[in-house]
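Trainee: Provided herewith is a single structure, encoded as C-alpha cells, for subsequent inquiry.
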Amino acid sequence: MKRLIFVLFILMILSTFVLARDILVWLSWLEEEQKEWLLERYFPTFESETGIKVKYVEMPGDEETLRAQLIAGKGPDIVGLAGPSFAPLYIDAGFLLPLDEYAKKYHWDELLTDLYWKLGFYKGKFWMVPGEFEAMVLFYNPKIFKENGWTPPRTIREMEEVAAKMKEKGIMPFANGNVGWKPAIEWVFTAAVNHIAGPEKVYEALTGKIPWTDPSFVESVEATKKWFQEGWLGGGKFFSLDVGEVYQLLVEGKAGMAIWGTWGFGDIVHYSKSPEDWDWVPFPSKSGLPYPIFAIGVGHCDAINKNAKDPDAVAQYITFGLREPLDHLSLFAEDLKVNGTAAYTPIKGFELTEETVNKLKELGVDERMIRFLKLSTEAFEKNTYGYVTWTFWPPKSDRYIIDNLEMVWLGKMSTQEFLEGLQKVFEEEAKEGKVMYIPPRS
Amino acid sequence: MTKIMLLPSLVLIGLIIIVPSIATIYYAFTSWNGFTQPTFIGFQNYREIFSDKVYWSVVWNNIKWTIFFVTIPIILGLIAASELNNVSSRAKGIFKTIFLLPYVLPSLATARLWQIIFFHPLHGIITGIFDHDFLGTPTTALWAIAIIDNWGWWGFLANVFSAAIDQIDKAYYEIARLEGANRWQVFKNVTLPMILPTVLFMEIMTIIWSFLVFEYIFIITQGGPGRASEVLATLTYKTAFFSIEFGKGCAIATTMILFASIPIATYLWLISKKGGEL
C-alpha cells in the first residue's frame with residue numbers, strides 16, 4: 001500500500017510537470033503602469049481561470065527583432081503584428097499558424113464583428129485576430145476654447161479658422177510633430193483624405209475604382225500642405241517636435257488642438273491635472289460630408305507562431321482577451337483606464353447599454369473614453385467610418401506616404417507628383433495581392 | 001605552425017567580414033523582402049537606384065558631410081593639439097581628458113542632450129539665440145547634426161594629433177625658436193610637416209567614415225525633414241527595414257562600399273608611390 005501511494009505521489013508530481021501548460025509572450029512598448037497591470041492583474045486572472053502559465057520576456061517592439069527570432073525558429077508564441085497589412089509577409093514566409101481550427105473551436109467568428117473577422121483572412125485562411133480599435137479624432141484644450149469663446153470645430157473650414165485665430169494669439173494650433181515616430185505624419189494624411197475627400201472616395205481608391213490622383217485627394221493633400229505651411233502643425237516645427245511632448249503642450253494650454261488618434265486616451269490622462277485641460281471631438285469633416293466620421297483602424301493583430309509548443313493554449317489566451325468585456329467587466333474597465341481604447345476590440349454581444357455605461361463609469365472609466373466607444377459604434381451602424389493608412393494601405397504604399405508627404409509640405413515635390421507615385425506603388429502592391437480586406441460601404 | 005596560429009583569426013574574418021560581404025553583393029542582385037526566398041533580377045536594383053533622384057541627393061548629402069568633417073574638426077583638432085604642445089604636461093593630461101570625454105559618451109546620449117538642450121524647437125538655447133529651428137529646417141538640419149557629431153569628434157582628433165606631436169624631436173622646436181620663428185611659423189614649418197602622415201591618415205579615415213555615417217542622423221532626424229539629412233547608410237536601412245526591400249537595400253550598401261573604397265585606394269596608391277610609407 002505504501003509503495004502504491006509512493007508511486008501515485010511520484011506520478012502526480014511528474015504529471016504536474018508534463019501536463020503543465022504555458023505560453024510565451026513578449027512585452028514591448030509598455031509604460032511602467034501598463035506593465036504592472038499586466039503582471040499583477042491580467043496575467044494572474046487568465047492563469048487562475050485556465051491553468052495556463054504566462055511566461056514573458058521584455059523585448060524591443062521593432063519588427064527587425066521579431067523577424068530575426070522567427071527566422072531562427074524562435075520568438076514569442078503569440079506574434080504581435082502592427083496591423084493586418086503586415087501579415088502577408090509573415091504568412092508567405094511560413095512563420096504563422098493558420099487559425100481556422102481555433103477560430104471554430106473558440107467561436108471567434110461568432111465573437112468578432114464582421115469587419116474584424118474579415119480582416120483576419122489572407123488567401124482564404126484565417127490567420128490573425130485584429131485588436132486595438134483606434135480612430136483619428138481631434139484633441140483640444142477646452143479651457144482655451146472657453147476663454148476665447150470658441151466652439152470645437154465640426155467642419156474643416158471652422159477648424160482652419162480657429163487654427164488661424166490661435167496662431168494670432170501665439171497658441172500653437174496643432175500639437176503635432178514627428179520626432180521619435182516618423183509615421184506620425186500619416187495621421188495627418190489619414191485625417192485629411194477621410195474627412196476632406198471622404199470615406200467613399202477612399203474606399204473607391206483602395207478597391208482600385210479610382211486612382212489616388214483623383215481631384216478629391218489632391219485637395220486633401222493640398223490641405224495638409226497648407227496646415228504645415230501656415231505654421232499650424234507643431235507651430236511650424238512639426239519636423240523637430242517630439243511626439244512625446246504633445247500631451248504636455250496640450251494640457252498646459254500651449255497648444256490648442258492635436259490631430260491625434262484614440263490611443264492618446266490612455267496616455268494623456270497621465271499628463272492631465274484637471275478635467276478641463278483636455279477633451280476630444282470627432283475630426284471635422286468638409287462641408288457636404290457626414291459628421292461625425294471616424295477613420296478607424298487596427299493597431300495590433302494577434303497571430304500564433306508556427307513553432308508555438310502549445311498553440312491551443314495561445315488560442316485560449318487570445319479568446320480570454322476577446323471575451324474580456326463580456327466575462328470580466330471590471331478587468332476590462334481597468335484595461336481601458338490603463339491602455340485607453342487600445343484595450344477594446346469590437347465584439348458581438350458587448351453593447352454599450354445605459355447599464356454597461358453606468359457600470360464602466362462606476363468603475364472609474366473616463367467619460368470621454370466611453371463617449372468615443374459609443375459614437376464610434378454608431379459610426380459603424382450608420383456607415384460613416386473611414387480607413388486609416390496603417391491598417392488598410394499595403395505596407396509599401398503606407399511607407400511611401402510617410403517618406404514622401406513631408407517632401408510635399410517642404411515644396412520639394414508637387415502634390416500631383418506625390419499622388420502619381422502613390423498610385424504607382426499602390427498598383428504594384430494591388431497586383432501582388434497585398435491589399436487586405438477593405439470593408440464595403442454598405 | 002605560424003600559419004596554423006593564424007587560422008582562428010582567418011576563420012573569424014571570414015565569418016564576420018567576408019561571408020556577409022559576399023551575401024550583401026549577392027542579395028543586391030535579387031528582389032528580396034527579407035522573409036521569403038530571394039529572386040535573381042540582375043541589375044534591376046541598380047537601374048532603379050541610379051535613376052532615382054533621391055539617391056543622388058543622398059550621395060550629395062554624404063559629400064557635404066565629408067566636406068564638413070575633412071575641414072572643421074581637423075582644423076579644430078590641429079589648433080587644440082598644437083596649443084597643448086605649449087602647456088605643462090600636467091595641464092596637457094587634464095585637457096586631453098576633457099577633449100576626449102564627449103567622444104566616449106554614447107552617441108544616443110550625446111544626440112538626445114543636444115536635441116533637448118541646444119536644438120529643442122521651443123526652448124533650445126541655440127534655437128533661442130538664432131530664433132531658428134535648425135533640426136526642423138531642411139537647409140540646416142544636416143549641418144546641425146554635423147555640429148553635434150563634431151562635438152565629440154574634434155576632441156578625439158586633438159588627442160591623436162597631440163600624440164603625433166609628442167613624437168617630434170624637441171630639437172626642431174629649439175632651432176625654430178633660436179631662428180626667431182613665431183608660433184604660426186613653428187606650426188607651419190615644424191609641427192604640420194612632421195605630423196602630416198597622421199593628418200593625411202585621419203583625413204582618409206574621415207572620408208571613409210563620412211560615407212558610412214549613420215547613428216547620429218538616424219537618432220536625431222531619421223534622414224528628415226524631406227530627406228534633407230538622408231545619407232547612404234540611413235537610406236540603406238530604411239529601404240531594407242522600412243520599405244521591406246532588402247535586395248535594393250543591399251544594392252545601396254554596395255554603392256556605399258564603392259564610395260568608401262575610393263579614399264582607401266588613394267591611400268594605398270600614395271603609400272606605394274612613397275615606397276611603403278607616407
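Trainee: Quick check: anything in the stretch A:120-137 more than 14 Å from chain B (Cβ to nearest Cβ) and in a helix (DSSP H, G or I)?
Mentor: no
Trainee: Of the residues A:Pro215, A:Pro142, A:Pro211, A:Pro199, which is out of contact with any strand residue (DSSP E or B) (no Cβ under 8 Å at 6 or more places or on another chain) and in contact (Cβ under 8 Å) with a residue 40 or more places away in the chain?
Mentor: Details: A:Pro215 fails: in contact (Cβ under 8 Å) with a residue 40 or more places away in the chain; A:Pro142 fails: out of contact with any strand residue (DSSP E or B) (no Cβ under 8 Å at 6 or more places or on another chain); A:Pro199 fails: out of contact with any strand residue (DSSP E or B) (no Cβ under 8 Å at 6 or more places or on another chain).
Step by step, each of A:Pro215, A:Pro142, A:Pro211, A:Pro199 is checked, and only A:Pro211 is out of contact with any strand residue (DSSP E or B) (no Cβ under 8 Å at 6 or more places or on another chain) and in contact (Cβ under 8 Å) with a residue 40 or more places away in the chain.
Trainee: Also, I was wondering about something else. Please work out which one of (1) out of contact with any Phe, Trp or Tyr (no Cβ under 8 Å at 6 or more places or on another chain); (2) assigned to a helix (DSSP H, G or I) is the condition A:Val338 fails and give its number.
Mentor: Going through (1) out of contact with any Phe, Trp or Tyr (no Cβ under 8 Å at 6 or more places or on another chain); (2) assigned to a helix (DSSP H, G or I) one by one, A:Val338 breaks only (1).
Trainee: Could I ask something else about it? Any residue in the stretch A:358-375 that is of a type in the set (Phe, Trp, Tyr), surrounded by 19 or more Cβ atoms within 10 Å (Cβ to Cβ) and within 14 Å of another protein chain (Cβ to nearest Cβ)?
Mentor: The initial filter retains those residues of the stretch A:358-375 that are of a type in the set (Phe, Trp, Tyr), namely A:372.
Subset that is surrounded by 19 or more Cβ atoms within 10 Å (Cβ to Cβ): A:372.
Restricting the remaining residues to those that are within 14 Å of another protein chain (Cβ to nearest Cβ) gives none.
Within the stretch A:358-375, not a single residue is of a type in the set (Phe, Trp, Tyr), surrounded by 19 or more Cβ atoms within 10 Å (Cβ to Cβ) and within 14 Å of another protein chain (Cβ to nearest Cβ).
Trainee: Which ones in the stretch B:1-57 are closer than 17 Å to B:Glu245 by Cα and of a type in the set (Lys, Arg)? Break it down stepwise before answering.
Mentor: Start the filter on the stretch B:1-57 by keeping residues that are closer than 17 Å to B:Glu245 by Cα, which leaves B:23-52, B:54-55.
Selection gives B:Arg47 alone.
Trainee: Do you know which of the residues in the stretch A:293-350 that are polar (S, T, N, Q) and closer than 15 Å to A:Gly261 by Cβ is modelled with the highest pLDDT? Even if it seems obvious, please write down each step before you answer.
Mentor: First, the residues of the stretch A:293-350 that are polar (S, T, N, Q): A:305, A:307, A:316, A:319, A:330, A:339, A:341, A:345.
From what is left, the residues that are closer than 15 Å to A:Gly261 by Cβ are A:339, A:341.
Working: A:Asn339: 87, A:Thr341: 83.
Taking the candidates together, the pick is A:Asn339.
Trainee: Residues in the stretch B:117-136: is at least one within 23 Å of the chain's Cα centre (by Cα), more than 10 Å from every other protein chain (Cβ to nearest Cβ) and within 12 Å of B:Thr221 (Cβ to Cβ)?
Mentor: Within the stretch B:117-136, none of the residues are within 23 Å of the chain's Cα centre (by Cα), more than 10 Å from every other protein chain (Cβ to nearest Cβ) and within 12 Å of B:Thr221 (Cβ to Cβ).
Trainee: Take the residues in the stretch A:50-70 that are of a type in the set (A, V, I, L, M, F, W, C) and touching a residue at least 12 places away in the same chain (Cβ under 8 Å), then tell me which one is nearest to the other protein chains (Cβ to nearest Cβ). Break it down into steps so the answer makes sense when it comes.
Mentor: First, pick out the residues of the stretch A:50-70 that are of a type in the set (A, V, I, L, M, F, W, C): A:52, A:54, A:57, A:59, A:66, A:68, A:70.
Keeping just the survivors that are touching a residue at least 12 places away in the same chain (Cβ under 8 Å) gives A:52, A:54, A:57, A:59, A:66, A:70.
Working: A:Ile52: 30, A:Val54: 28, A:Val57: 22, A:Met59: 16, A:Leu66: 11, A:Leu70: 9 Å.
Filtering first and then ranking leaves A:Leu70.
Trainee: Could you check, for the stretch B:200-221, whether at least one of its residues is within 13 Å of chain A (Cβ to nearest Cβ) and free of Cβ contacts under 8 Å to residues at least 40 places away in the same chain?
Mentor: Yes - at least one qualifying residue is present in the stretch B:200-221.
Trainee: Additional query: Can you name every residue in the stretch B:226-254 that is surrounded by 22 or more Cβ atoms within 10 Å (Cβ to Cβ), of a type in the set (Val, Ile, Thr) and away from chain A (no Cβ under 14 Å)?
Mentor: B:Val231, B:Ile252
Trainee: Mind listing just one residue for me: the one in the stretch A:413-433 that is surrounded by fewer than 19 Cβ atoms within 10 Å (Cβ to Cβ) and charged (D, E, K, R) and, of those, farthest from the other protein chains (Cβ to nearest Cβ)?
Mentor: Step by step, filter the stretch A:413-433, then rank; the result is A:Glu427.
Yes or no, residue by residue, for (1) assigned to a helix (DSSP H, G or I); (2) in contact with a strand residue (DSSP E or B) (Cβ under 6 Å, 6 or more places away or on another chain); (3) within 30 Å of A:Gly411 (Cα to Cα):
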site: B:Ala181; (1), (2), (3): no, no, no
site: B:Thr206; (1), (2), (3): yes, no, no
site: B:Ile219; (1), (2), (3): yes, no, yes
site: B:Gln222; (1), (2), (3): no, no, yes
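Trainee: Could you grab me the full set of residues in the stretch A:383-400 that are part of a helix (DSSP H, G or I), in contact (Cβ under 8 Å) with a residue 40 or more places away in the chain and either touching a Ser or Thr at 6+ places or on another chain (Cβ under 6 Å) or within 12 Å of chain B (Cβ to nearest Cβ) (or both)? Steps first, please.
Mentor: First, the residues of the stretch A:383-400 that are part of a helix (DSSP H, G or I): A:389-392, A:395-400.
Next, from what is left, pick out any that are in contact (Cβ under 8 Å) with a residue 40 or more places away in the chain: A:389-392, A:395, A:398.
Passing the criteria: A:Thr389, A:Pro395, A:Asp398.
The values are calculated or read from the model by the stated rules, or taken from the named source; none is laboratory data. Quick caveat, the model's predicted, so the values are computed rather than measured. A quick note on method: Cβ atoms are made from the backbone with ideal geometry, for glycine too, and the neighbour counts reach across all protein chains shown.
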